[in-house]
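To start, the structure itself, in structure tokens.
The values are calculated or read from the model by the stated rules, or taken from the named source; none is laboratory data. Since the structure is predicted, the reported quantities are computational estimates derived from the model, not experimental observations. Counting neighbours? That spans all protein chains shown, and the Cβs are built from the backbone with ideal geometry, glycine included. Keep in mind that these areas ignore ligands, DNA and RNA; they rest on the heavy atoms of the full protein, side chains included. Shrake-Rupley method; radii C 1.70, N 1.55, O 1.52, S 1.80 Å.
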Amino acid sequence: QHTAGVVVPGIEVLLRDSLTLVRGKRVGLITNQSGRDRAGQSDIDLLAHAPGVRLVALFAPEHGIRGTAQAGATIASDTDAATGVPIYSLYGATRAPTPAMLDSIDVLLYDIQDAGARFYTYVWTMALSADAAGRAHIPFVVLDRPDPIRGDRVEGGVLDTAYRSFVGEYPVALRYGLTPGELLKYLVGTGQVHADVHVVPMQGWHRSMWYSATGLPWVNPS
């Protein structure tokens, strides 16, 4: 049994230990309302105020940058009111950043709380975006978060690629038992995604943890 309150999410580890990945660079961020630190501060605000970091673009997945849109609703591009940073939709005309969207970016970050099940679209937004970043020769950084339904249990059938869709882009089990960072590393390692991927790990997470044991506040990802 693990003590509650021990997990530090990737965004905090980045700002404390790994700022070299983003310092002095023009940063793009794929996130929503679940991308935040333990105190509830959003990644958008944290990165906008981080020393030497230039947050130049935000990317919105399904449900939008604040998670308020209905499932399947097209997300429009917009501007973030607090920072003035443009928000590009990855759930509208395109499911991955276009070369034009990536033109002003030196590094692309991803931080969204996953559900741990294949039919959630967020990890496929991550994979398609990493592939696009790879084609543009831009490094892709995952700020890791827990698999809320544990990392030591894998269940269900593996996707038949004849039925590939945005609720199942790659052949993994229905319950894949991986964090977003681990899943992307697996897809890159097996040659299914081509990208220069860096994972900023959590501190204190164990595979046998349910989300309730992490001590992290839960924010509904959609």
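Based on Cα atoms of segment 151-197, Rg over Rh with Rh as the Kirkwood radius reads 0.96.
Solvent-accessible surface of the chain, averaged per residue with a 1.4 angstrom probe and all protein chains in place: 43 square angstrom. For segment 69-123, how big is Rg over Rh, using alpha carbon atoms and the Kirkwood form of Rh? Here Rg/Rh amounts to 0.97. Between the residues 99, 81, 42, the greatest Cα displacement towards the positive end of the dipole of the chain, with unit charges on the Cβ of Lys, Arg, Asp and Glu, is found for 42. The base-10 log of I(q)/I(0) for the chain, evaluated at q = 0.11, 0.17 Å⁻¹, reads -0.49, -1.26 [Debye formula, identical scatterers on Cα atoms, solvent excluded]. Here segment 1-104 was treated as a single set of alpha-carbon atoms; its pair distances binned every 5 Å from 0 give 2, 12, 21, 22, 18, 13, 7, 3, 1, 0 percent. Per-residue packing, averaged as other Cβ atoms within 10 Å, sorts the ranges 62-68, 50-56 into the order 62-68, 50-56, beginning with the highest. Each part gets one Cα centre, and for segment 116-142 versus segment 82-104 those centres are 14 Å apart.
In the chain, the DSSP-assigned H stretches of four residues or longer account for a calculated mean residue ellipticity at 222 nm of -5000 deg cm²/dmol, using -39500 (n - 2.57) per stretch and the full residue count as denominator. Surface composition of the chain: carbon plus sulfur atoms hold 52% of the accessible area, using a 1.4 angstrom probe and ignoring ligands, DNA and RNA. When you restrict to C-alpha pairs under 8 Å that are six or more residues apart and normalise by the size of the chain, the relative contact order lands at 26 percent.
Near residue 29, the amide H atoms lying under 5 Å from its own belong to 57, 58, 59, 109; only residues 5 or more places off or on other chains count, and H is placed 1.01 Å from N.
Placing +1 on each Lys and Arg Cβ and -1 on each Asp and Glu Cβ, with no other charges, gives the chain a dipole about its Cα centre of roughly 120 debye. DSSP beta bridges in the chain, what fraction antiparallel, as a percent rounded to 5? The answer is about 30 percent antiparallel.
With the highest mean first, a sort of the peptides 157-168, 116-127, 90-101 on other beta-carbon atoms found within 10 angstrom per residue produces 116-127, 90-101, 157-168.
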